[in-house]
């Protein structure tokens, strides 16, 4: 008996030493940390790469997938995600997509969520709403419309938007009926009101208040800054208690201290972001999360894509290495946070203990 116990202890100690010496962090139990590597931004982050459980190299299809994803790119992307679902059918995924040019990958990840994780509420945290009815539907600025096509997506809650895309006139190109019914809910970072011209509605459920005016509908918002990150998190936590949620994060929602991206950026801090996520995940069931908003190593190719992205006359991104260091630090902080908030703990014998309930 003693011999068996000694052998078991030796095996455990040897495994622990190997894990430390290899530099490979233990996976979050029940989760897989994945990279769908289209633009090679995340794969160039050495510390983040060590924490990945798996990666799909899609760099050869970058031009077919990035910014908007055509038929060829969509077939490749769906095939890669399907392969991953086959390998990890029961795990929850923390998926890294790369640049904000790739936020439409979120739509393909959401459409393949396993049945036990349905229905879901999508929490979209982004400087942009990404909800426009664009000609190219699998577009980084239009993927929310694709997610709303699934009946088991009960709701999309938008948090932190602060770009010109939430001017009143821009709401005419958005799924306004979904906002009116409350299936889309909006909490910008700073903007407290908008006038939607030539659309009249006395009651828009997805905002704090709405009023008919002569020229259209006035929308009023409860914003992250007016309410406060903690109070906003508490409010959403109460609304989502017991529900399945999926978080889609574009790091351009943050200021340049926490992220350096290819798009115009907001002003949310990493502390505000993690406060809101932490409050929500304390009461709801997080079934998956994707992250984009890196700076791509290479510029967009193709005249139409450069025009569409507003980069035709802009110089290419400078100092990629510095940007990648800033972005990697935030990625590592998010991974640690998700591990702490959503994981179970393991004791030295390998037995799994449920994380204590939060008070």
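The values are calculated or read from the model by the stated rules, or taken from the named source; none is laboratory data. Quick caveat: nothing in here was measured; it's all calculated off a predicted structure. Glycine also receives a Cβ, built like all others from the backbone with ideal geometry; neighbour counts cover every protein chain displayed.
At a glance:
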read-out: Residue 157 vs. criteria touching a residue at least 60 places away in the same chain (Cβ under 8 Å), farther than 22 Å from residue 215 by Cβ and out of contact with any helix residue (DSSP H, G or I) (no Cβ under 6 Å at 6 or more places or on another chain); value: yes
read-out: Yes/no for residue 211 being farther than 29 Å from residue 115 by Cα, free of Cβ contacts under 8 Å to residues at least 60 places away in the same chain and assigned to a strand (DSSP E or B); value: yes
read-out: Per-region count, the range 177-201, residues farther than 25 Å from residue 255 by Cβ and part of a strand (DSSP E or B); value: 4
read-out: Inter-residue pairs, beta-carbon under 6 Å, first on the phi > 0 side of the Ramachandran plot and modelled with pLDDT of 95 or more and in the range 195-207, second surrounded by 12 or more Cβ atoms within 10 Å (Cβ to Cβ) and assigned to a loop (DSSP other than H, G, I, E, B), 6+ apart; value: none
read-out: Residues (crowded, with 19+ Cβ neighbours inside 10 Å and outside any helix (DSSP H, G or I)) located in the range 160-176; value: 160, 161, 162, 163, 174, 175
read-out: Helices (runs of 4 or more DSSP H) fully within the range 226-326 counting 1 or more residues that are crowded, with 23+ Cβ neighbours inside 10 Å, at pLDDT 95 or above and in contact with a strand residue (DSSP E or B) (Cβ under 8 Å, 6 or more places away or on another chain); value: 229-240, 270-283
